[in-house]
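Undergrad: One structure, as structure tokens, below. Some questions next.
Read-outs: derived from the displayed coordinates by stated rules, not from any lab. All values derive from a computational prediction rather than experimental measurement. Neighbour counts are summed over all protein chains in view; Cβ atoms, including those assigned to glycine, are modelled from backbone coordinates with ideal geometry.
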Amino acid sequence: MTNDTDKTTHFGFETVREDEKAGRVQGVFSSVASKYDIMNDVMSGGVHRIWKDAMMDWLAPRPGQRLLDVAGGTGDVSFRFLKRAGRGHATVLDLTESMLVEGRKRAEAAQMSDSLDWVVGDAMALPFDANTFDVYTISFGIRNVTRPQDALAEAYRVLKPGGRLMVLEFSQIPNPMMQAAYDAYSFNVIPRMGQLIAGDRDSYQYLVESIRQFPDQDTFLGTVRDAGFGNAKYRNLTMGVAALHSGWKL
């Protein structure tokens with residue numbers, strides 16, 4: 001019989017026990033929390049903002065909806081959702097409390113405080129009742145979850161019937177030459193930026209490696225469908241550097 005502690009997964013290019021990964025991911029984001037938003041802008045040249053706006057365009061938030069933003073960190077997606085919806089409620093859940101602390105410091109957090117909750121929690125064991133939320137989002141977080149399929153099962157559980165799942169994540173560029181150029185940039189530039197700006201090369205080395213370990217668009221689409229979501233589909237962003245996956249609890 002295989003004990004749970006014998007199961008392994010990846011932490012970047014390293015193989016680790018499943019019960020170790022969450023703690024190590026938490027360590028990464030605790031280390032970079034204070035510089036996380038700045039690094040996102042520098043690493044992507046601000047393109048991550050365009051991707052998140054594209055997410056909102058496809059999501060089309062409606063007044064009065066309840067959002068659960070998992071791995072929501074500093075609240076970027078929740079703030080966008082509430083602005084688009086006009087009125088509603090967003091719960092930002094993250095494994096790393098220091099990320100939520102940084103989110104609360106943002107100007108938008110004060111303006112929207114009555115419409116926001118900040119919760120420390122695990123994507124694979126959400127502390128919410130079934131059929132609670134209209135929308136579930138996870139942005140650049142699903143690849144850091146020890147068992148993504150468990151996180152998607154939890155997403156399905158907490159969504160109301162008719163609820164919407166949307167996943168924004170780095171993905172694979174279909175063109176091999178362009179993928180090679182992107183890999184060269186990622187491995188040679190991003191860890192150095194992490195050292196220069198955040199004083200942490202190793203965490204950004206992990207983040208680059210974790211992107212390469214994440215399945216391609218079609219493979220992940222199958223995982224979304226296996227979790228029970230209907231009308232599941234995806235859209236590539238910036239030629240496949242990132243992708244949006246969408247599904248419905250029908």
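Undergrad: Once the chain is represented by equal point scatterers at the alpha-carbon sites, with solvent omitted, what log10 I(q)/I(0) does the Debye formula produce at q = 0.12 Å⁻¹?
TA: -0.67
Undergrad: Taking all pairs of distinct Cα atoms, average 1/r, flip it, and tell me the Kirkwood hydrodynamic radius of segment 53-142 in Å to one decimal place. Display every interim value, and only then the final one.
TA: Working: mean 1/r = 0.0776 Å⁻¹.
12.9 Å is the Kirkwood radius here.
Undergrad: Within the set of other residues whose C-beta is less than 11 Å from the C-beta of GLU20, count the net charge using Lys and Arg as +1 and Asp and Glu as -1.
TA: Surrounding charge for GLU20 is +1.
Undergrad: Which ordering of ARG87, ARG80 is given by a fewest-first count of other beta-carbon atoms within 10 Å?
TA: So the ranking, lowest neighbour count to highest, is ARG87, ARG80.
Undergrad: As a test of the formula, what do you get for the chain when each DSSP H run with n ≥ 4 contributes -39,500 (n - 2.57) and the sum is divided by the residue count, at 222 nm and rounded to the nearest 500 deg cm²/dmol?
TA: Per the formula, -14000 deg cm²/dmol.
Undergrad: Next up: Computed over the Cα atoms of segment 9-67, what is the ratio Rg over Rh, Rh following Kirkwood?
TA: For segment 9-67, the value is 1.13.
Undergrad: Taking the inverse of the average 1/r across all pairs of different Cα atoms in segment 107-250, what Kirkwood radius in Å do you get?
TA: For segment 107-250, the Kirkwood estimate is 16.7 Å.
Undergrad: ³J(HN,Hα) across segment 194-210 via Karplus (A = 6.51, B = -1.76, C = 1.60, θ = phi - 60°), whole Hz, x for Gly/Pro?
TA: Each residue of segment 194-210 in turn: x, 5, 5, 8, 9, x, 8, 6, 4, 5, 6, 4, 4, 4, 5, 5, 5 Hz.
Undergrad: In terms of the Cα gyration tensor, with a ≥ b ≥ c the square roots of its eigenvalues, is segment 187-239 rounded because a/c is under 1.5, prolate because a/b exceeds b/c, or oblate?
TA: prolate
Undergrad: Can you list the HN-Hα couplings for segment 218-233, worked out from phi with the Karplus curve (6.51, -1.76, 1.60; θ = phi - 60°), rounded to whole Hz and with x for Gly and Pro?
TA: 6, 5, 5, 4, x, 5, 4, 5, 5, 6, x, 6, x, 6, 7, 7
Undergrad: May I pose another question? For segment 114-160 and segment 53-68, write down the distance between their C-alpha centroids in whole Å.
TA: With segment 114-160 and segment 53-68 each reduced to a Cα centre, they are spaced 16 Å.
Undergrad: Using only the Cα atoms of segment 80-129, build the gyration tensor, take square roots of its eigenvalues as a ≥ b ≥ c, and label the shape rounded, prolate or oblate: rounded if a/c is under 1.5, else prolate if a/b is larger than b/c, else oblate.
TA: Here segment 80-129 falls in the oblate category.
Undergrad: Follow-up question, since we're still on this one. Can you grab the distance from the C-alpha centre of segment 204-227 to the C-alpha centre of segment 69-83, Å, no decimals?
TA: 21 Å
Undergrad: Could you run the Karplus curve 6.51 cos²θ - 1.76 cosθ + 1.60 with θ = phi - 60° over segment 138-144 and give me ³J(HN,Hα) per residue in whole Hz, x for Gly and Pro?
TA: 8, 10, 6, x, 5, 6, 8
Undergrad: Hey, what D do you get for segment 139-196 in µm²/s if you plug the Kirkwood alpha-carbon radius into Stokes-Einstein at 10 °C and 1.306 mPa s? Could the numbers behind the result be given before it?
TA: On the way: Rh = 14.2 Å.
After rounding, the answer is 112 µm²/s.
Undergrad: When DSSP beta bridges are limited to those with both residues in the chain, what percentage is antiparallel, rounded to the nearest 5?
TA: 45 percent
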